[in-house]
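The values are calculated or read from the model by the stated rules, or taken from the named source; none is laboratory data. Keep in mind the model is a prediction, meaning the values are calculated, not measured. Because the Cβ atoms are built from the backbone with ideal geometry, glycine has one as well, and the counts that use them run over all protein chains shown. Just so you know, the surface numbers come from the protein's heavy atoms only, side chains and all, with ligands and any DNA or RNA stripped out. Shrake-Rupley method; radii C 1.70, N 1.55, O 1.52, S 1.80 Å.
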Protein chains: 4
Amino acid sequence: MIEVGPNSYGKSAIRLVKVVRGATPHQVRDLTIAIALEGDFAASYRDGDNSAVIATDTMKNTCYALAGEHLTGSIEAFAIVLGRHFLEAGSEVELARISIEEHAWRPIGDAPDAFSRDASETRTANVSVTRELGPSIEAGVADLALMKTTRSAFAGFPRDRFTTLAETDDRVMATKVTASWGYAPGAQLDFDASFVAVRSTFLEAFADHHSESVQHSIWVIGKAILDRHTDVDHVSMSLPNLHHWTVDLSPFGIENDREVYVSTTEPHGLIEATIRRSDG
Amino acid sequence: MIEVGPNSYGKSAIRLVKVVRGATPHQVRDLTIAIALEGDFAASYRDGDNSAVIATDTMKNTCYALAGEHLTGSIEAFAIVLGRHFLEAGSEVELARISIEEHAWRPIGDAPDAFSRDASETRTANVSVTRELGPSIEAGVADLALMKTTRSAFAGFPRDRFTTLAETDDRVMATKVTASWGYAPGAQLDFDASFVAVRSTFLEAFADHHSESVQHSIWVIGKAILDRHTDVDHVSMSLPNLHHWTVDLSPFGIENDREVYVSTTEPHGLIEATIRRSDG
Amino acid sequence: MIEVGPNSYGKSAIRLVKVVRGATPHQVRDLTIAIALEGDFAASYRDGDNSAVIATDTMKNTCYALAGEHLTGSIEAFAIVLGRHFLEAGSEVELARISIEEHAWRPIGDAPDAFSRDASETRTANVSVTRELGPSIEAGVADLALMKTTRSAFAGFPRDRFTTLAETDDRVMATKVTASWGYAPGAQLDFDASFVAVRSTFLEAFADHHSESVQHSIWVIGKAILDRHTDVDHVSMSLPNLHHWTVDLSPFGIENDREVYVSTTEPHGLIEATIRRSDG
Amino acid sequence: MIEVGPNSYGKSAIRLVKVVRGATPHQVRDLTIAIALEGDFAASYRDGDNSAVIATDTMKNTCYALAGEHLTGSIEAFAIVLGRHFLEAGSEVELARISIEEHAWRPIGDAPDAFSRDASETRTANVSVTRELGPSIEAGVADLALMKTTRSAFAGFPRDRFTTLAETDDRVMATKVTASWGYAPGAQLDFDASFVAVRSTFLEAFADHHSESVQHSIWVIGKAILDRHTDVDHVSMSLPNLHHWTVDLSPFGIENDREVYVSTTEPHGLIEATIRRSDG
């Protein structure tokens, strides 16, 4: 027998910009939205029966149609509205996943209507809505490049016949952060305030600690967030180790004491972990 | 209490080219390798203790060092060698995941030593190795753009107040395939021959069927693979629906009967499913 | 005094797909078009006077509107039609530059209506049309990755105090070709046949020669094209040198005689030149 | 006769990071450098004679070797040092073009050694050095996304049978700026101060004006720069018009008065012009 296993469908890369004109300066909301539905859709695969298949074009229309009334606060709140809408749109829908990226635009000087894009990071929200439980909410950041110019080491690792890396107690550590954190079920949150607070702890912990490895940094940052933000349940990070190698300038009679580096992206380390509260 | 949850670490984007010079023409093997280890690594996070952390730089060296002797057949076979190596490299390693992409180079004419890159698709292998079980092996393709110019419909879907999409019994369907299939545990396989055979069934099924939706196409293709290839356990696909919209030329007094389309990528549908054997 | 200097404006990234259904199999024409107009447009800058500014939205519409009737042969021919249209569309237009990339789709097996994208190269045409002269026509290829696994050297270069590169008489040479060639004014050409012929000479010359450097390869290929194709006036190439470095496996007691390479893209050499007929 | 026409060669994508540790906080200089040499290199093409060909690997080494001593101020100053070095490195070199992109890193809070990348724009310098003249210096920015939410119109353009665009006196205008400006020969400049000043004028003029078109905006901005910065000779801009289309929500009974937009990149307008001082 052959069957349909895990499946989802939806619309990705919905680009929506809302200009809020009531205030001075205007406000620009610039979102990229992805919607995915899970549920009892096996017939659409097996039988080509589309009677339960909300068209992904309709999903797109829905985002634009609801943005005027409902995109008035955080992306988490808008995602919850969208998720509930799609859950109600068809009885076959069991779970609606809404992912929103927000791209920041900052006013230029005092101008009421001119903006420049702050491309330094992307704020993210991943919300899952089901009929039984409250929404599951993950907030996060992506594309945030960070660097430590000292207080970063990597030593004490095992050596085998293929190991050539020297131990170091002072290297440059650089990464491009993808991180998300889940809020405890039932928490009553101001999502914008929580985002600002957790992000601030993230950066502070990154800046303050002495790193023994990327793994260790993930722990330190994750623990700091969980220590200070009781509404946060877990923190997940995916951190590439974007190696900066000290250039050997000795052939040219030049000393290079942690000054000149070659920045590389291929290959890169990749460290992924979740730090969470345990029952213990 | 705060603890380390699920975690993995490794090296990504290892770019390795091997030139096999013994034959005419030469053979070019062009791989991008990613390695991720899972196991008892909590101390590296919590305590900054690197005594179990095989350096990702060592992982990179290992790929190059083993390529001469062991990259002689399929990427699946090389991935198994690498996975077993890392499992044996440290007692804390419980699972080694090796992902390899192979980029094809074809000889130019009869030249023994000149090649052009066939960028039309990427062959993939994802292999997981543990101590207890045999390796879990997924073969696949990525970046393979396909199109049906007729025999593709989308109708019978529900309409609500945000639905504007017209039903159609003849649309262009275009996608960029990411697909993988898992081989049954213990199967004795010629991985290269199996890849060629499954890929061929994939394309044949894509070309032959009348599609009622992308979901339906996934089923038809997945079922064809499972019907014909008894060693395949399941097939997973992630198919964007890269919409081609018929351009409305009526303002210009020009009829456009399924001839001129605008090709788009934002937004796109995204349909993901696994088709598998069931016990029933 | 301040004035408007050189300027152009137009529409880029127009994505147009035409399905030709009359034949079996169907034919898929997949183009990306860019249009740029030059001429007497200073008032649009200086005075915000748009009375001569053909809207770039109109340019887009025009491409779709004319594709049915006029995209029946080569992209060069379609570009000429478009260029002449825009020259006639406004008296201020002095030059219309039309750039078209064609993305190839190949039928799958014997299917009349199923296609896979051949992403290995992009065919290009750059056509400039003015009132005074005949169209200037450049045909070309882009994104074509090529490799020589032997018969490629680099030696005899000057050494200064910053030179560490060893001379080699046998290296891997890899590049991603962007090339274009201009046809002699007034030539009566079958653009499709000429493209196939020149491209074939390009690959043949690449495959056949012994390369002393990327510069030398450009000369050999360019000269071969000019020697064999009398309608070609000049050949321009932009060739990155995508270095493949032999991995030093000696720390592991492994010999690596031109077998295992690390493929890199950052940094890369970049060699650009035009080979042309001279009056001499 | 066949000859070598215009040509250049060099190294691109040299990734260099310098950490200046003397001060608190540290300073991170993150550059991507491209070097291209022009001159009497025909023999390297025609004869495969590399005796004048400074290896591009040597160029890379030179950047790293000179960074310690010479990358102490602006990227323009470092580019001049590099350009002069390569001009002196070989008598065949007639012109050295040095292009540097600087990626900004900002300290995190008060930390002396932690930084986040400001990805909102890239500072650029393009310097050409010859034996006869002083260096030609272009400073600029790239990747700077800007938006006006009102005070942007597009009307009064000609209408032909392919024109469907409505005139508008209030649209969203968005672009991603690539701009550069040339300093007058012989000007004695503080390149960092000049960059800051010109960039500031750019943003101020963008924010302040009422735009009749992208062309008009280029004029207004370019003229403002030339008016206020006497050392600037000309300003060149390449501005895509990244269309934001008002979504038609009337099918859903929802009014959309310049509030909800779909942001697009394909196709886009592209307006390129130089505003310069004239002799008149």
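Values computed for the structure shown
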{"item": "Residues of segment B:44-61 satisfying the condition of being open to solvent by less than 30 Å² (accessible area, probe 1.4 Å) and assigned to a loop (DSSP other than H, G, I, E, B)", "result": "B:Gly48, B:Asn50, B:Ala52, B:Val53, B:Ile54, B:Ala55"}
{"item": "Positions within segment A:59-85 being closer than 17 Å to A:Ala125 by Cα and touching a Pro at 6+ places or on another chain (Cβ under 7 Å), in sequence order", "result": "A:Ile80, A:Gly83"}
{"item": "Condition broken by B:Arg151, with the remaining ones in (1) over 17 Å from C:Phe115 (Cα atoms); (2) surrounded by fewer than 19 Cβ atoms within 10 Å (Cβ to Cβ); (3) out of contact with any Ser or Thr (no Cβ under 6 Å at 6 or more places or on another chain); (4) of a type in the set (D, E, K, R) satisfied", "result": "(1)"}
{"item": "C:Leu270 vs. criteria at pLDDT 95 or above, under 22 Å from D:Val4 (Cβ atoms) and more than 7 Å from every other protein chain (Cβ to nearest Cβ)", "result": "no"}
{"item": "Count of residues meeting criterion [hydroxyl-bearing (Ser, Thr, Tyr) and over 15 Å from the mean Cα position of the chain (by Cα)] in segment B:95-127", "result": "1"}
{"item": "Pair list, Cβ < 8 Å and 6+ apart or interchain, from segment B:258-280 residues that are surrounded by fewer than 18 Cβ atoms within 10 Å (Cβ to Cβ) to residues that are modelled with pLDDT under 95", "result": "B:Arg277/A:Met1; B:Ser278/A:Met1; B:Asp279/A:Met1; B:Gly280/A:Met1"}
{"item": "Test: residue in segment B:185-196 that is closer than 20 Å to C:Val19 by Cβ and of a type outside the set (Val, Ile, Thr)", "result": "no"}
{"item": "Per-region count, segment D:25-43, residues part of a loop (DSSP other than H, G, I, E, B), open to solvent by 10 Å² or more (accessible area, probe 1.4 Å) and more than 11 Å from chain A (Cβ to nearest Cβ)", "result": "1"}
{"item": "Some residue of segment C:212-229 being part of a helix (DSSP H, G or I), under 30 Å from D:Ala96 (Cβ atoms), facing another protein chain (nearest Cβ under 7 Å) and open to solvent by 30 Å² or more (accessible area, probe 1.4 Å)", "result": "yes"}
{"item": "Count - residues of segment D:4-24 that are of a type in the set (S, T, N, Q) and away from chain C (no Cβ under 12 Å)", "result": "1"}
{"item": "Of all residues making up segment D:179-201, the number that are under 30 Å from D:Phe154 (Cα atoms) and either part of a loop (DSSP other than H, G, I, E, B) or touching a Gly at 6+ places or on another chain (Cβ under 7 Å) (or both)", "result": "3"}
{"item": "From the options A:Val260, A:Val235, residue that is closer than 18 Å to B:Ala42 by Cα and more than 7 Å from chain B (Cβ to nearest Cβ)", "result": "A:Val235"}
{"item": "Candidate set from segment C:166-175 (those that are assigned to a loop (DSSP other than H, G, I, E, B) and within 14 Å of chain D (Cβ to nearest Cβ)); member that is surrounded by the most Cβ atoms within 10 Å (Cβ to Cβ)", "result": "C:Arg171"}
{"item": "Count of residues meeting criterion [of a type outside the set (S, T, N, Q) and within 14 Å of chain A (Cβ to nearest Cβ)] in segment D:138-160", "result": "10"}
{"item": "Test: B:Val127 is under 18 Å from B:Thr32 (Cβ atoms), in contact with a helix residue (DSSP H, G or I) (Cβ under 6 Å, 6 or more places away or on another chain) and without any contact (Cβ under 8 Å) to a residue 60 or more places away in the chain", "result": "yes"}
{"item": "Verdict on B:Asp190 being open to solvent by 30 Å² or more (accessible area, probe 1.4 Å) and either at the interface with chain A (Cβ under 10 Å from one of its Cβ atoms) or among the β-branched types (Val, Ile, Thr) (or both)", "result": "no"}
{"item": "Answer from D:Thr201, D:Thr163, D:Thr178 - the residue that is among the β-branched types (Val, Ile, Thr) and away from every other protein chain (no Cβ under 12 Å)", "result": "D:Thr178"}
{"item": "Tally of residues being within 14 Å of chain B (Cβ to nearest Cβ) and either charged (D, E, K, R) or open to solvent by 10 Å² or more (accessible area, probe 1.4 Å) (or both) across segment A:66-89", "result": "9"}
